[in-house]
Amino acid sequence: MGEYLVRCLGCGYVQPPRALACQNDDSLLRTEYITKRLTLRDDLPGLWKFYDWLPVKEPLRGSGDKPVTYKSKGLARELGLENLYVSFSGYWPERGAKMTTCSFKDLEAPPTVERMIERGDDQILVVASAGNTARAFAQAASAANLPLILVVPPTGLDRLWICEKPADNICVISVNGDYTESIDLAGRLAANPRFVGEGGARNVARRDGMGIVMLDGVLSMKALPKHYFQAIGSGTGGIAAWEASLRLIEDGRFGQHLPKLHLAQNSPCAPIYAAWTGSKMETGRCPAGMYDDVLFNRKPPYGVKGGVKEALEETDGEVYGISNQEARLAQKLFEESEDIDILPAAAVAVAALQKAVRAGTVEKNDLILLNITGGGVSRAKEELDMNLLKCDIETEPSALSSTSTSTSTSDTDLLVEIDEILERRV
Ligand SMILES: [Zn+2]
């Protein structure tokens with residue numbers, strides 16, 4: 001159970017179990033589970049039911065709910081679809097969905113934190129996020145009492161609420177710039193041997209955690225869908241859905257055809273849409289004005305072996321550029337027809353589905369899985385106690401870089417400040 005190898009998709013060499021990268025090349029690594037047939041672990045809670053296909057030795061205590069998959073009636077009727085299923089990652093108790101951070105990032109954080117603990121060293125985990133991922137990691141780390149540094153843009157700060165009591169050993173750094181600049185600063189911090197980055201798309205625990213959307217969907221539908229819709233920033237969720245589908249094909253019980261990936265970005269801040277369609281895109285002002293800025297990532301794992309481009313090619317996939325107006329209308333349609341609020345990013349996926357229906361890319365009877373990557377925030381706010389994490393340190397994007405000039409926080413000061421915050425709390 002839970003036994004696996006990690007193999008480089010480029011050179012094919014087996015890697016150390018908790019590696020994030022191959023020493024020979026730039027390719028993504030992928031897990032190979034010894035158990036080829038997925039057995040749900042009903043003795044374990046939430047997402048740990050998928051323990052057979054998660055790269056951990058044991059579940060992380062007190063953490064990890066899973067999405068629910070249900071057959072849509074309301075939205076399906078509006079779109080004239082007979083076999084539309086929704087994977088809902090969020091808070092919707094009537095449907096059995098109790099992901100209290102209301103985002104499918106809840107699927108990535110617990111396996112990643114558990115894997116971090118299993119490394120058994122004293123390095124402190126550094127996570128960059130536009131907000132939703134930080135929330136999920138703050139919740140998982142709080143449950144595990146693991147020290148954590150969160151690096152977020154100022155626009156992400158008001159997304160940092162969790163329902164757990166925040167652990168004292170979480171340090172929140174706000175970088176005065178966009179999400180990519182937060183990623184860059186987190187990378188420079190992680191270059192310090194005392195810290196370690198979680199690896200983003202390169203961490204198989206994150207991808208296999210997100211792959212649960214496909215696993216849960218397929219177990220509910222009893223078959224691989226013909227189409228899979230998701231809104232993407234880095235596109236890692238698309239890679240995860242493809243990889244989970246490959247495992248389900250190998251399982252043998254759910255069909256032999258890869259679901260077609262329909263990945264949606266928010267135009268005009270849509271680098272993957274531009275790369276895939278060969279269109280030009282002016283992203284200089286991004287993420288300003290986006291319908292949901294969590295969908296913007298300047299450096300997605302696109303062309304790398306095992307990355308988004310390959311996932312699209314292998315699944316005969318499509319990428320959509322969705323305008324704010326299209327997303328707004330789609331959000332209204334979903335919320336009114338399904339009777340639950342969703343995060344703006346999820347509305348971008350709904351808009352892509354609408355486009356595909358209009359274009360005839362999906363047909364009335366096709367089996368479709370729509371990934372609603374976040375929702376139920378209004379419900380959660382009504383029913384749950386929420387705690388907002390406070391910002392501990394504000395800094396400039398140039399911090400810790402060779403081009404760093406005099407900033408409000410000098411580089412040494414930044415490290416000292418982080419130390420003080422973590423030490424005071426540990
Ligand atoms: Zn390699």
Q.
All but one of (1) buried (at least 18 other Cβ atoms within 10 Å of the Cβ); (2) of a type in the set (S, T, N, Q); (3) outside any strand (DSSP E or B) hold for Gln265; state the number of the condition that does not hold.
A. (3)
Q: Can you tell me which residue among Lys71, Lys66, Lys98 is under 30 Å from Gln354 (Cβ atoms), open to solvent by 10 Å² or more (accessible area, probe 1.4 Å) and over 19 Å from the mean Cα position of the chain (by Cα)?
A: Lys71
Q) Among the residues of segment 16-29, which ones are in contact with a Lys or Arg (Cβ under 7 Å, 6 or more places away or on another chain), at pLDDT below 95 and within 11 Å of the ligand (Cβ to nearest atom)? A) Ala21
**Q.** Looking only at segment 1-15, and only at residues there that are crowded, with 17+ Cβ neighbours inside 10 Å and more than 10 Å from the ligand (Cβ to nearest atom), the one that is modelled with the lowest pLDDT
**A.** Gly2
**Q.** Among (1) modelled with pLDDT of 95 or more; (2) open to solvent by less than 20 Å² (accessible area, probe 1.4 Å), the one test that Glu32 misses
**A.** (2)
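Could you please find all residues in segment 16-29 being open to solvent by 40 Å² or more (accessible area, probe 1.4 Å) and either in contact (Cβ under 8 Å) with a residue 24 or more places away in the chain or among the hydroxyl-bearing types (Ser, Thr, Tyr) (or both)? Reasoning before the result, please.
First, pick out the residues of segment 16-29 that are open to solvent by 40 Å² or more (accessible area, probe 1.4 Å): 16-18, 20-21, 23-26.
Listed by number, the residues that qualify are Pro17, Arg18, Leu20, Ala21, Asp25, Asp26.
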(Q) Tell me whether segment 239-253 contains one or more residues that are within 18 Å of the chain's Cα centre (by Cα), within 20 Å of Ser129 (Cα to Cα) and not basic (Lys, Arg). (A) yes
Q. Hey, Lys364 hits all of (1) under 15 Å from Asn83 (Cα atoms); (2) in contact with a Gly (Cβ under 8 Å, 6 or more places away or on another chain); (3) open to solvent by less than 40 Å² (accessible area, probe 1.4 Å) but one; which does it fall short on?
A. (3)
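The values are calculated or read from the model by the stated rules, or taken from the named source; none is laboratory data. Owing to the predicted nature of the structure, the values given are computational and were not obtained by experimental measurement. Positions of Cβ are backbone-derived with ideal geometry, glycine not excepted, and every protein chain shown enters the neighbour counts. These area figures cover heavy atoms from the full protein model, side chains too; ligands, DNA and RNA do not enter into them. Shrake-Rupley method; radii C 1.70, N 1.55, O 1.52, S 1.80 Å.
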